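What follows is one structure encoded as structure tokens, with my remarks underneath.
Any read-out appearing in this document is the output of simple, stated calculations on the displayed coordinates, not a laboratory observation. As the structure is a computational prediction, the values presented were derived from the model and not from experiment. Cβ atoms come from the backbone with ideal geometry, glycine included; neighbour counts cover every protein chain shown.
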Amino acid sequence: MGKRIVIVGMGFGGIRAARVLAGKGHDVLLVDRNNYHLFQPLLYQVATAGLELESIAHSVRAMARRWPGTRFFLSEVTGVDCAGRALRTADGTIPYDYLIIGAGSVTNFFGIGPVERHAFDLKELADGERLRNHILTAFERAATEPDPARQRALMTFVIVGGGPTGVEFAGALVELVHFVLSKDYPELQTHAARVVLVEASDRLLAAMPAALQGYTLRKLRSMSVEVLLNARVVDAGPERVVLHDGAVIPAHTLFWSAGVKAAPLAAALDGPTGPGGRIIVEPDLTLPGHRELFVIGDMAYLEQDGTVLPMTAPVAMQMGIYAGRAILAREAGRTPPPFRYRDKGSMATIGRNAAVASAFGVNFRGYLAWLIWLLLHLYYLIGFRNRVVVLLNWLWYYWFHERQVRLITRRETPSRERHP
């Protein structure tokens, strides 16, 4: 029998590692606190009533049964005994010969307590449904609110962070309001609704070329998104957002996408950490002093050509593939070469027929970039049914400007705090 290889986290890196190792004669155990893989890049479309929850998640057991020698174990990982080569979980200890940890990241609120209590974020599947419920409930409340100022605050949405998530969410939300909810709520003056995008730097999409940054800014503003550059949110309450200059935005919804940090599991590893609590790994992605333990994805801190690799899905996928191949190489008596990330570009969608993409030195924007974005996201979705459902939803919205998932599946409790 081969070696026991345990993979923690069924994100983009974990499932790529599992694919590489499956059927190679080893005992591969997949461990996650959820029994599904979440396609996080489309989570904002769940929040803006464009997609069902199930269409962007896929059962890990359904994948594992097609991978020979692979099993799944549902549990919360609590720590790692590196010296004893054992993984500690809420349901017992699991010995391993090799361990791959790709537990991902969590939202970084940078110690701003009121923001953490009152802001929404999008990291878990339930977050998308919770935010959708809140947005739709806000309009229901606005429809019966006699005070015009409070009514407008209910229809004001502040989004913090001008990266891909913030830009995509802002574009999708303003389209939801203007094309869909304006018809659902004829008694409301939905043109008075506000979508405010707050970015601390002087540009959106910092990783993109300047020309695409400018296009994104102009496009969002033409869609009536209020973009505030060089602005920071420093305080928040259930009905207001406070900026660094003292300006107060009356708003009942605050969405935070201004930063991420390594998952708490990183703190349980006996290794050096970098910014955001990420584990500083060796060039072969192993934990220093432990060649059998690989750290991949958002948890790993690695510099390449003087630049820190970003916390993105493409990096995680390439790291997962590398870790799987590195283990196979070692078992075959070979020394794997250092990990090398190949940047294939970046992209972000802004709205219907509008996106930006930069790949291999070529910039795309507008309809062509939007088409590329659609096709690539469909390609990377796991599960044939998911691809079909997502495509049908997108086609329906494209032709009829309708979003079918306008469901309030749970009424909000009186407390407006998001993170207890």
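Computed values, structure above
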quantity	calculated
Cα gyration tensor shape of the stretch 324-398, rounded if a/c is under 1.5, else prolate or oblate by comparing a/b with b/c	oblate
Angle between the chain longest axis and helix 384-400 axis [Cα atoms, degrees, rounded to 10]	20
Residue with peak Gaussian network fluctuation, the chain [Cα springs, cutoff 10 Å], from Ala211, Ala126, Ala49	Ala211
Relative contact order of the chain, defined on C-alpha pairs under 8 angstrom at six or more residues apart (%)	21
Using θ = phi - 60° and Karplus 6.51 cos²θ - 1.76 cosθ + 1.60, couplings along the stretch 72-77 (whole Hz; Gly, Pro as x)	10, 10, 8, 6, 8, 7
Partner lysines for Lys24 [C-alpha distance under 23 Å; skip if fewer than 8 residues away on the same chain]	Lys3
Separation of alpha-carbon centers, the stretch 339-367 and the stretch 65-92, rounded to whole Å	36
Shape of the stretch 204-297, Cα gyration tensor, a/c cut at 1.5	oblate
Within a Gaussian network of the chain (alpha carbon springs, distance under 10 Å), most fluctuating of Arg71, Arg117, Arg330	Arg330
Residue of His58, His26, His252 that the Gaussian network model of the chain assigns the largest fluctuation, springs spanning Cα pairs under 10 Å	His26
Global geometry of the stretch 1-126, whether rounded, prolate or oblate, following the gyration tensor of its Cα atoms and the 1.5 cut on a/c	oblate
Value of [θ]222 nm, deg cm²/dmol, for the chain, DSSP H segments ≥ 4, -39500 (n - 2.57) each, nearest 500	-9500 deg cm²/dmol
In degrees, nearest ten, helix 210-222 long axis to first principal axis of the chain (Cα)	40
Residues of the stretch 36-56 with amide N under 19 Å of a point placed 7 Å along Cα→Cβ from Gln404	42-56
Label-point gap, in nm, between Glu239 and Asp305 - each point 7 angstrom along Cα→Cβ	5.3
Sequence-separation-based contact order of the stretch 65-105, relative, with Cα cut under 8 Å and 6+ spacing, percent	24
Sequence-separation-based contact order of the stretch 106-219, relative, with Cα cut under 8 Å and 6+ spacing, percent	23
Rounded to 5, percent antiparallel among DSSP beta bridges of the chain	50
Ranked Val362, Val315, criterion: other C-beta atoms within 10 Å, fewest first	Val362, Val315
The stretch 1-59-the stretch 244-277 distance, computed between alpha-carbon centres (Å)	24
Footprinting exposure proxy for Phe12, Phe73 (fewest neighbouring C-beta atoms within 10 Å first)	Phe73, Phe12
Helix axis angle, 12-21 relative to the chain longest principal axis, alpha carbon, degrees	30
Listed values (i) 20.6; (ii) 26.2; (iii) 22.3, entry calculated as mean projected area of the Cα convex hull in nm²	(i)
FRET efficiency for Ala192 and Arg342, using Cβ-Cβ distance with R0 set to 35 Å, rounded to 0.05	0.15
Sorted by Cβ neighbour density within 10 Å, fewest at the top, the residues Tyr367, Tyr44	Tyr367, Tyr44
